[in-house]
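Here the structure is laid out as structure tokens; the discussion comes afterwards.
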Amino acid sequence: MPGRRSGLESGTPTRLRPGGSPLVPRSSRRTRMPIAGLLLSALLAVLVPSGSAHADRPDVPNKSDLAALRAEADRSAAALAAGTAALEKVQANASTLAKKAAAATRRSGTLDAQLSRLHREMGAFAAAAYRNPVGSKAGLLFGQSGTAAGNTLQGLGYLDVVSARRAEVLRSTAATRLRAEQARREMRQLSKQAAEATQEADRRVAALRREATAVGARLTVAMAAYEAEQERLRLAAAAKARAARAARLAVRQTGSCAGGGGREWGGYPNGFIPASALSPLSHAPGQRLRCDAAAAFGRLTAAYAAAHGGSWICVTDSYRSYADQQRLYQSKPSLAAVPGTSNHGWALALDLCGGAQRAGSDADAWLHAHAAGFGWHHPGWAEPSGSRPEAWHWEFGYIS
């Protein structure tokens with residue numbers, strides 16, 4: 001059962017599987033498991049009463065109510081995740097269009113400057129011809145003879161060629177400028193549309209975030225009311241409470257830690273695991289994990305200390321409640337998981353410090369080389385080449 005101590009804490013030597021769970025001797029399994037099963041049934045009868053147990057308390061949610069709220073929270077979380085992904089795509093598109101619009105504006109400005117320069121050159125050319133008129137070609141030819149007439153004809157031909165060439169360049173530049181201006185207008189329009197789409201997507205995500213927060217708050221209140229009712233029933237039934245304690249003791253003696261992966265364990269949903277179902281971490285005050293993960297981390301940090309002169313592995317975060325997931329997502333939506341989906345909410349993930357938070361550090365290299373032998377691993381998405389590099393994030397088992 002989750003959160004129960006393994007045989008390691010009973011003082012009896014216990015062999016371990018590679019994943020960290022204890023190997024119970026055959027004789028122990030034959031004699032203890034039937035008793036544990038019977039006592040566990042008694043415990044479940046106390047902790048999970050039927051719907052009729054709440055008949056006199058209509059304000060207390062039953063299991064069906066909780067299931068409906070949890071389904072609603074799951075749908076809200078999925079919608080929020082999809083909306084966030086869509087917003088990121090729209091933002092990326094808007095950024096690309098804005099860059100293209102800026103490039104088009106710069107290109108249009110360059111062509112404007114080029115066209116102005118050509119206009120000035122054509123104006124200077126016309127002014128020079130006006131100040132030094134040469135008359136008609138025919139008059140020049142009849143008014144001069146010999147070499148002078150030949151030179152005049154040659155000069156007029158050169159002026160014609162230069163004027164035609166400049167006019168052609170001017171027309172070409174003007175046409176190019178018109179095309180650039182049209183492209184700039186089109187890019188401005190596309191950028192405007194992209195900005196409007198981004199605003200709409202952002203409003204949609206904000207609405208989804210508010211909805212997810214509201215659903216999470218309702219679920220938190222309902223879970224609190226449900227747990228309070230369970231406590232009331234336990235206190236009112238002393239005999240059943242004693243049976244429950246015996247059942248928990250029997251489960252601890254078997255060293256069982258049920259569950260694994262990204263699934264519920266012990267009947268608790270992500271982020272709603274009570275402190276009584278978790279185990280504290282050795283040498284990391286205030287941090288808690290599922291009992292098998294905590295035991296495996298204890299062995300891992302002991303091995304680390306032996307290899308590093310007595311320095312223990314530094315931990316900044318372990319189990320994360322649903323409320324904590326909401327607060328983190330509100331402050332760092334690009335880094336945190338959608339509330340109710342974090343692996344920290346299963347009490348099977350750790351965030352490390354003391355050098356382990358830096359990829360390629362000595363602590364990081366040591367963990368990559370040895371952590372798997374204690375059931376811990378660094379998920380692919382958190383690797384430097386992964387989709388969201390997080391050198392500090394480690395998980396027990398394979399739940400990503």
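Computed from backbone phi, the HN-Hα couplings of the range 342-357 come to 5, 5, 5, x, 9, 6, 10, 9, 10, 10, 10, 9, x, x, 5, 7 Hz, rounded to whole numbers (Karplus: 6.51 cos²θ - 1.76 cosθ + 1.60, θ = phi - 60°; Gly and Pro given as x). Of K99/K192; K99/K332; K89/K192, which ones are farther than 20 Å apart at the Cα? In this structure, K99/K332 lie more than 20 Å apart at Cα.
Volume per residue for the range 301-368 equals 97 cubic angstrom (convex hull of Cα atoms). Inter-part distance, the range 210-225 to the range 271-287, computed on C-alpha centroids, equals 23 Å. Remark: Y329, Y268 ranked as Y268, Y329, counting other beta-carbon atoms within 10 Å and listing the fewest first. Under the shape rule built on the C-alpha gyration tensor, where the axes satisfy a ≥ b ≥ c, the range 261-400 is oblate, since a/c reaches at least 1.5 while a/b does not exceed b/c. Using only side-chain charges placed at the Cβ, +1 for Lys and Arg and -1 for Asp and Glu, the dipole size of the range 291-378 relative to its Cα centre rounds to 140 debye.
Put simply, the amide H of C353, placed in the peptide plane, has neighbours under 5 Å in C314, V315, T316, leaving out anything fewer than 5 places away on its chain.
From least to most packed, judged by other beta carbons within 10 angstrom and beginning with the fewest, W366, W346, W376, W394 follow the order W366, W376, W394, W346.
Neighbour counts of C-beta atoms inside 10 Å place R232, R177 in the sequence R232, R177, starting with the fewest.
Here, each number is a calculation from the coordinates, and none is a lab measurement. For clarity, every value in this text was computed on a predicted model and none was experimentally measured. Don't worry about glycine lacking a Cβ; one is built from the backbone with ideal geometry, like all the others, and counts go over all protein chains shown.
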